[in-house]
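Single-structure report; data block below.
The values are calculated or read from the model by the stated rules, or taken from the named source; none is laboratory data. Computed from a predicted model, the values in this text were never measured in an experiment. Cβ sites come from the backbone with ideal geometry, for glycine too, and all protein chains shown count toward neighbours. We work out accessible area using only protein heavy atoms, side chains counted, and drop any ligands, DNA or RNA first. Shrake-Rupley method; radii C 1.70, N 1.55, O 1.52, S 1.80 Å.
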Amino acid sequence: MSNNETLFARAQRSTPGGVNSPVRAFKSVGGTPRFITRASGARFWDADDKPYIDYIGSWGPAIVGHAHPEVVKAVQAAAERGLSFGAPTEGEILMAEAICHIVPSIEQVRLVSSGTEAAMSALRLARGATGRDKVIKFEGCYHGHADSMLVKAGSGLLTFGNPTSAGVPEDFAKHTLVLDYNDPAQLVETFKKLGNEIAAVIVEPIAGNMNLLPATQEFLQTMRDLCTQYGALLMFDEVMSGFRVALGGAQSLYGIQPDMTVLGKVIGGGLPVAAFGGRADLMKHLAPLGPVYQAGTLSGNPVAVAAGMTTLKIIQTPGFFESLGKQTKKLIDGLTALASNHGIAFCGNSVGGMFGIYFNEKIPTNYSEIMSSNKELFNRFFHTMLEEGVYLAPSAFEAGFVSAAHDDSVIEQTLAAADKAFAKLV
Ligand SMILES: *Cc1c(COP(=O)(O)O)cnc(C)c1O
């Protein structure tokens, strides 16, 4: 047995399924998850000391490359000053100022420890500020695992959601309405009927939790206009796209200002930091100023903030996103050309440092097209790539991530592996 297999067998005795977050278990692709022992730059190593080029980057946070010396130094220095105080620090002000500066729609921000917590708190704030209960989300978007977000569309248009997880009461799910991504007409119809009851529309403006699927300009603009017209709040969940598709996130690319934004992943640089923020007149409803309660023992943790601030500093260096976007595009163009050489129905797409690969004839534009991609081909491709030392997201329905450490030689090595993997598919 390999060390990975031994560890996985052992892990399953003390932890449900052997993992602390489900996608890590390789259930979708089959096989044994790799247990990671260390990482540096664009690579990590498993328990058998096999190196992999890493295209998940901790699902986004590792944007400057793993164990970046400046980030490690900042974390060590912060740790030496103490791990957590339960009292405010200047670092939290610096972080809040940096976020408000980089994302102009955010006038005030609160730091929390996970994207789930940030989205959950932002939705509570939206309900508290508007005095309305109903929320619209879109099929295929992920906003963490708060009860009201673990919901899928009910049968038929304009019916309220059904829970997608055991343990979520129907009484909670019924306040969430689940609509189709990139369908502005359905949104118009829904607002006509229920607009005055909607507290918020929450959306991934560039979706990354059903593979990569950017919204159309029309979809987001329709959403913006309807929210303004009916007094609902537009909430962009940029936990994944923030500081990833561009420095200012998806909202900077579309030129659309949400009322509130949810952030996570990159802002912690690999440690637990997330945030939600937006218009100051909304944020003032939060405790201790207002009646919407929210708190956290480790919120704004000094060590985590040090990792996040140093990461934000590095990604603000001139040319950072130009170079990241160029490398990501090089990867996607290379993969697309190779697949075409081998006669495989495959396409790719990228925005900034985030990418999608699809075993489809053309780039999917909505949830059902994504779901029609060839999962079996993806799984075979995934396993050959893994064998060849390239770690892709272990599911056909997840986005991929490139870091600043993915230089030309890393991309070339990836493409050489892909050439072999595509050849095996025909
Ligand atoms: C990852 C993610 C979340 C949840 O963040 P966690 O830190 O895993 O709780 C929420 N929304 C989006 C868009 C995400 O990608």
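Here the range 29-50 is scanned for amide nitrogen atoms under 19 Å from the site 7 Å beyond the Cα of residue 10 along Cα-to-Cβ, giving 32-39, 45-50. Compute a Gaussian network model of the chain, connecting alpha carbons closer than 10 Å, and tell me which residue from 198, 93, 411 fluctuates the most. Top of the fluctuation ranking is 93. The gain in end-to-end length when the residue 408 to residue 193 segment is fully stretched comes to 72.1 nm, 0.36 nm per residue minus the alpha carbon separation.
In this structure the chain gives 42 Å² per residue of accessible area when probed at 1.4 Å with all protein chains present.
Tell me the mean residue ellipticity at 222 nm calculated for the chain from its helices only (DSSP H runs of n ≥ 4, each -39500 (n - 2.57), averaged over every residue, nearest 500).
-12000 deg cm²/dmol
Mind ordering 278-288, 239-249 by average Cβ neighbours within 10 Å, highest first? Show your work: numbers first, answer last.
Values: 278-288: 16.1, 239-249: 25.6.
Going from most to least packed, we get 239-249, 278-288.
For the chain, the equivalent ellipsoid derived from the Cα gyration tensor has semi-axes of 33, 27, 21 Å, listed largest first. Under a model in which nothing but the beta-carbon of Lys, Arg (+1) and Asp, Glu (-1) is charged, the chain shows a dipole of about 480 debye around its Cα centre.
In whole percent, how big is the carbon plus sulfur part of the accessible area of the range 69-315, probe 1.4 Å, protein atoms only?
Roughly 55 percent of what the probe reaches on the range 69-315 is carbon or sulfur.
Prolate is the label for the range 253-343, because the ratio a/c of its alpha-carbon gyration tensor axes (a ≥ b ≥ c) is 1.5 or higher and a/b is greater than b/c. Which far-off residues, 5 or more places away or on another chain, put their amide H under 5 Å from the one on residue 112, with H placed in the peptide plane? Long-range HN contacts for residue 112: 274, 275, 276, 300. Computed from backbone phi, the HN-Hα couplings of the range 254-267 come to 8, x, 10, 9, x, 6, 9, 10, 10, 10, x, 6, 4, 5 Hz, rounded to whole numbers (Karplus: 6.51 cos²θ - 1.76 cosθ + 1.60, θ = phi - 60°; Gly and Pro given as x).
In the neighborhood of residue 367, defined by Cβ-to-Cβ distances under 9 Å, what is the net charge if each Lys or Arg adds +1 and each Asp or Glu adds -1?
Numbers: positive: none; negative: 139, 180, 369.
Here the count lands on -3.
Working note: Debye formula, equal point scatterers on the alpha-carbon atoms of the range 348-396, no solvent; log10 I(q)/I(0) at q = 0.28, 0.30 Å⁻¹ is -1.13, -1.18. Here the range 90-238 is treated as a sphere whose radius is the Kirkwood value from Cα pairs; by Stokes-Einstein at 20 °C and 1.002 mPa s it diffuses with a coefficient of 135 µm²/s. Structure remark: mean-square fluctuation, Gaussian network model of the chain, C-alpha springs under 10 Å; the largest value among 324, 386, 177 belongs to 386. Backbone geometry of the range 334-340 corresponds, through the Karplus equation with coefficients 6.51, -1.76 and 1.60 at θ = phi - 60°, to 3J(HN,Hα) couplings of x, 5, 4, 5, 5, 4, 5 Hz, x marking Gly and Pro. Pairs exceeding 26 Å between alpha-carbon atoms, taken from 134/362; 134/192; 192/265; 326/424; 27/424; 50/420: 134/362; 192/265; 326/424. In whole percents, the pair-distance distribution calculated for the range 293-345 from its alpha-carbon pairs, binned every 10 Å from zero, is 19, 24, 21, 19, 13, 3.
Can you give me the C-alpha center-to-center distance between the range 349-372 and the range 240-269, rounded to a whole angstrom? After rounding, the separation between the Cα centres reads 20 Å.
Using only the alpha-carbon atoms of the range 298-390 as identical scatterers, what base-10 log of I(q)/I(0) does the Debye formula give at q = 0.11 Å⁻¹? Reported log10 I(q)/I(0), two decimals: -0.49. For residue 138, nonlocal amide neighbours, meaning residues 5 or more places apart or on other chains whose placed amide H falls under 5 Å from its own, are 179.
Going by average Cβ density within 10 Å per residue, which order do the peptides 129-141, 369-381 take, highest to lowest? All intermediate terms of the calculation are to be shown ahead of the outcome.
Details: 129-141: 20.5, 369-381: 17.5.
The most tightly packed comes first, giving 129-141, 369-381.
Determine the equivalent ellipsoid of the range 4-112 by diagonalising the alpha-carbon gyration tensor, then write out the semi-axes as square roots of 5 times the eigenvalues, largest first, rounded to whole Å. List each step's numbers first, then the result.
Details: eigenvalues 223, 58, 55 Å².
After scaling each eigenvalue by five and taking roots: 33, 17, 17 Å.
Highest GNM mean-square fluctuation among 302, 104, 169, for the chain modelled with Cα contacts below 10 Å: 169. Comparing Cα centroids, the range 404-425 and the range 304-345 end up 14 angstrom apart. Pair-distance distribution P(r) for the range 179-265, from all Cα-Cα distances in 5 Å bins starting at 0: 3, 15, 28, 26, 17, 9, 3, 0 percent. For residue 233, nonlocal amide neighbours, meaning residues 5 or more places apart or on other chains whose placed amide H falls under 5 Å from its own, are 200, 201. Once you divide the Cα radius of gyration of the range 59-101 by 2.2 N^0.38 Å, the number left is 1.37.
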